[in-house]
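*Asks:* If you scroll down you'll find the structure; I have some questions about it.
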Amino acid sequence: MDKVVTCMAPVNIATIKYWGKRDEHLILPLNDSVSLTLDCDQMHSQTSVVAGPFVKKDTVMLNGHVMPIETNERLQRCFSLIRKLIKEKKGENCPEAQWNIRVCSENNFPTAAGLASSAAGYACLVYTLANAFDLVTEDLPAIARQGSGSACRSIYGGFVHWKAGKDDLGSDSTAVQIATEAHWPEMRIIILVVNDSHKKTSSTVGMKKSVETSELLQYRVNKCVPERTKDIIEAIINKNFVKFAEITMRDSNQFHAICLDTYPPCVYLNGVSHEIITFIHDYNDAAGHVKVSYTFDAGPNAFLFILEKDLDLFMSELIQVFPSDKSKSKYIRGIKSTNPD
Ligand code: 2P0
């Protein structure tokens, strides 16, 4: 390889949350999840890869810091799965499979702050490696999944369904696209960054604790997620915003209820998050039906969904209630057309 290959991958926001693994090592989830991948020109990872006999050893730099690959099982697995693919496609003894690889990756947004940085990061790593070695394959989501579960959803744009699968080896646990980014162009996402510092309990640790201690988690996995997944996919295909929005809010609330049911509890939302939830419900009540919905990941930051026709009026009220200052939200960013800062 005599050139540097650079790719970008955006974050994805789950509307049906992934929370809990049935296999920690292979990163196999207990339940299906559904997400929307943002545009690449917004929050994204950018990764550059170079490989060849001239590279002395595998190295990965993230945001200017060297990552210790030797102690990072997930990075090692991604590298070895890519090398396995190279051998499958180009022959067991091909020189490329022996080359060392140098990776340099950057996020254009805060890392590990509950803003889906590992999803974008691992999706980008795997996608860039595949491009660098000319590996055209449908296996990329399954490889990205083994870096970070939610990364399999960022391989695709638009609306994505990560099927949990049943197989012990994970052959059927992969992401499929529900609809492309062109399907629902009126959809907008607003991100309210309440706090962009590192979260106290990582998602990986939090979901492990939930699997071990939450009595509600199995109820969610067996009784709620299957029907919600079916309904939200239908809502996406039919562009039924009210249905989509209601399921999204319910699933976010149930996910955080599981976090509180975890012992000791994982508290990801803060006072401002709860103020945002109240504000959204008050806004929808005043409008007479659901105009905007929220979802929160493993952090206090809010992701709001709204249709373009309702955006201006909503933003004018939002900015009054949550001015972009340090006491409330640090900044407010509208994905696609709006940037009030
Ligand atoms: C999601 N989250 O569906 C859920 C909602 C956080 C809250 O996927 O252990 O970083 O690397 O598989 O992918 C975050 O979990 O966890 C996540 P690992 P990951 O977006």
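The values are calculated or read from the model by the stated rules, or taken from the named source; none is laboratory data. Fair warning: this is a prediction, and the values are worked out from it, not measured in the lab. Virtual Cβ from ideal backbone geometry, glycine too; neighbours counted across all protein chains shown.
Residue by residue, here is whether (1) more than 30 Å from Ile277 (Cβ to Cβ); (2) aliphatic (A, V, I, L, M) holds:
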residue	(1), (2)
Asp139	yes, no
Gly157	no, no
Lys166	yes, no
Leu169	yes, yes
Lys199	no, no
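*Asks:* Given the residues Asp168, Asp172, which is the only one that is away from the ligand (no atom under 16 Å from the Cβ), in contact (Cβ under 8 Å) with a residue 60 or more places away in the chain, outside any strand (DSSP E or B) and surrounded by fewer than 21 Cβ atoms within 10 Å (Cβ to Cβ)?
*Replies:* On the way: Asp172 fails: in contact (Cβ under 8 Å) with a residue 60 or more places away in the chain.
The conditions single out Asp168.
*Asks:* In addition: Restrict the check to the stretch 148-158 and report whether at least one residue is under 16 Å from the mean Cα position of the chain (by Cα), over 15 Å from Val34 (Cβ atoms) and either assigned to a strand (DSSP E or B) or within 13 Å of the ligand (Cβ to nearest atom) (or both).
*Replies:* Going through the stretch 148-158, the residues under 16 Å from the mean Cα position of the chain (by Cα) turn out to be 148-158.
Narrowing further to those that are over 15 Å from Val34 (Cβ atoms): 148, 151.
The next check asks that each one be either assigned to a strand (DSSP E or B) or within 13 Å of the ligand (Cβ to nearest atom) (or both); those that pass are 148, 151.
Scanning the stretch 148-158 turns up at least one residue that is under 16 Å from the mean Cα position of the chain (by Cα), over 15 Å from Val34 (Cβ atoms) and either assigned to a strand (DSSP E or B) or within 13 Å of the ligand (Cβ to nearest atom) (or both).
*Asks:* Collect the residues in the stretch 202-259 that are closer than 23 Å to His25 by Cβ, of a type in the set (Ser, Thr, Tyr) and either surrounded by 20 or more Cβ atoms within 10 Å (Cβ to Cβ) or in contact with a His (Cβ under 6 Å, 6 or more places away or on another chain) (or both), keeping them in residue-number order.
*Replies:* Passing the criteria: Ser203, Ser210, Ser214.
*Asks:* Only residues that are outside any loop (DSSP other than H, G, I, E, B) and either of a type in the set (Val, Ile, Thr) or under 16 Å from Glu308 (Cα atoms) (or both): list them for the stretch 233-254, please.
*Replies:* At the first step, the residues of the stretch 233-254 found to be outside any loop (DSSP other than H, G, I, E, B) are 233-237, 241-254.
Of everything in the stretch 233-254, those that are outside any loop (DSSP other than H, G, I, E, B) and either of a type in the set (Val, Ile, Thr) or under 16 Å from Glu308 (Cα atoms) (or both) turn out to be Ile233, Ile236, Ile237, Phe241, Val242, Phe244, Ala245, Ile247, Thr248.
*Asks:* Then there is this: Scan the stretch 1-22 residue by residue and report those that are within 11 Å of the ligand (Cβ to nearest atom), at pLDDT 95 or above and either outside any strand (DSSP E or B) or farther than 19 Å from Arg188 by Cα (or both).
*Replies:* Listed by number, the residues that qualify are Lys17, Tyr18, Trp19, Gly20, Lys21.
*Asks:* State which residue is farthest from Val272 (Cα to Cα) when the search covers only the stretch 289-324 and only residues that are of a type in the set (Val, Ile, Thr) and surrounded by fewer than 20 Cβ atoms within 10 Å (Cβ to Cβ). Talk me through it step by step, then tell me what you get.
*Replies:* Kept after step one, since they are of a type in the set (Val, Ile, Thr), are these residues of the stretch 289-324: 290, 292, 295, 306, 319, 321.
With the extra rule that they be surrounded by fewer than 20 Cβ atoms within 10 Å (Cβ to Cβ), the set shrinks to 319, 321.
Numbers: Ile319: 14, Val321: 11 Å.
Of everything passing the filter in the stretch 289-324, Ile319 is farthest from Val272 (Cα to Cα).
*Asks:* Something else about it: So the check is Cβ under 6 Å with 6+ separation or different chains; which pairs have a first residue in the stretch 46-75 that's under 17 Å from Asn107 (Cβ atoms) and a second one that's part of a loop (DSSP other than H, G, I, E, B) and β-branched (Val, Ile, Thr)?
*Replies:* Ser48/Val4
*Asks:* Considering the stretch 297-341 alone, what residues qualify as being at pLDDT 60 or above, out of contact with any strand residue (DSSP E or B) (no Cβ under 6 Å at 6 or more places or on another chain) and under 19 Å from Pro10 (Cβ atoms)?
*Replies:* Once the filter is applied, which keeps residues that are at pLDDT 60 or above, out of contact with any strand residue (DSSP E or B) (no Cβ under 6 Å at 6 or more places or on another chain) and under 19 Å from Pro10 (Cβ atoms), the stretch 297-341 yields Asp297, Ala298, Gly299.
*Asks:* While we're looking at this one, here's another question. Looking only at the stretch 128-145, count how many residues are within 16 Å of the ligand (Cβ to nearest atom) and either crowded, with 24+ Cβ neighbours inside 10 Å or over 17 Å from His25 (Cβ atoms) (or both).
*Replies:* Going residue by residue through the stretch 128-145, those that are within 16 Å of the ligand (Cβ to nearest atom) are 140-145.
Next, from what is left, pick out any that are either crowded, with 24+ Cβ neighbours inside 10 Å or over 17 Å from His25 (Cβ atoms) (or both): 140-141, 143-145.
The number of residues fulfilling the criteria is 5.
*Asks:* Of the residues Val211, Val242, Val194, which is over 18 Å from Gly20 (Cα atoms) and within 16 Å of the ligand (Cβ to nearest atom)?
*Replies:* None of the others qualify; the one that does is Val194.
*Asks:* Quick one: in the stretch 114-127, of everything that is within 9 Å of the ligand (Cβ to nearest atom) and not in a helix (DSSP H, G or I), which residue is nearest to Tyr268 (Cα to Cα)? Explain how you work it out, then say what you get.
*Replies:* Taking the stretch 114-127 as the starting set, the residues that turn out to be within 9 Å of the ligand (Cβ to nearest atom) are 114, 116-119, 122.
Imposing the further condition that a residue be not in a helix (DSSP H, G or I) reduces the set to 114, 116.
On the way: Gly114: 9, Ala116: 14 Å.
It comes out as Gly114.
*Asks:* Taking only the stretch 55-70 into account, find how many residues are touching a helix residue (DSSP H, G or I) at 6+ places or on another chain (Cβ under 9 Å) and surrounded by 10 or more Cβ atoms within 10 Å (Cβ to Cβ).
*Replies:* Qualifying residue count, the stretch 55-70: 6.
*Asks:* Restricting to the stretch 24-66, name every residue that is more than 19 Å from Thr180 (Cβ to Cβ), within 16 Å of the ligand (Cβ to nearest atom) and small (Gly, Ala, Ser).
*Replies:* Within the stretch 24-66, just Ser45 meets the criteria.
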